[in-house]
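Only the coordinates and a few stated rules stand behind these numbers; no lab work does. Quick caveat: nothing in here was measured; it's all calculated off a predicted structure. Don't worry about glycine lacking a Cβ; one is built from the backbone with ideal geometry, like all the others, and counts go over all protein chains shown.
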Amino acid sequence: MPLGAVIHLLAVIWISGEPRYEGLFVWMLPFLALNILGMLLVILGKTKPGAILFIIGCVPFIPIGVIGILGAKKSLLGMSEPAPRNA
């Protein structure tokens, strides 16, 4: 997930430097905020809502957003597996 967020941040920075994409920059900024909020929730232990917010934030960044979606899906799968027990 952090790699996806960094790539999305770089894309938003690149788009903000292009005057012809000014409207696109304003449209993508809330989705970047969803990525950051989702990562914070995962760090704070709320994995499922954080991963879902992160996936929603990745949608406008497709095709590169697939990297973030796969990372969030990995977090969700890790959450559903039971922790190993010592016998």
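Compute the helix-to-body angle for 47-58: its Cα long axis versus the longest principal axis of the chain, expressed 0 to 90° and rounded to tens.
20 degrees
Please find, in a Gaussian network model of the chain (springs between Cα atoms separated by less than 10 Å), the residue of Ile69, Ile13, Ile52 whose mean-square fluctuation is greatest.
Ile13
Compute the angle between helix 65-80 and the longest alpha-carbon principal axis of the chain, please, reported from 0 to 90 degrees and rounded to the nearest 10.
So the inclination is approximately 20 degrees.
When N counts the residues of the chain, how does its alpha-carbon radius of gyration compare numerically with 2.2 N^0.38 Å, as a ratio?
Working: Rg = 14.8 Å, N = 87, 2.2 N^0.38 = 12.0 Å.
This ratio for the chain stands at 1.24.
Can you give the FRET efficiency for Ala33 and Leu70, using 1/(1 + (r/R0)^6), R0 = 22 Å, r = Cβ-Cβ distance, to the nearest 0.05?
Numbers: r = 21 Å, r/R0 = 0.95.
That gives a FRET efficiency of 0.60.
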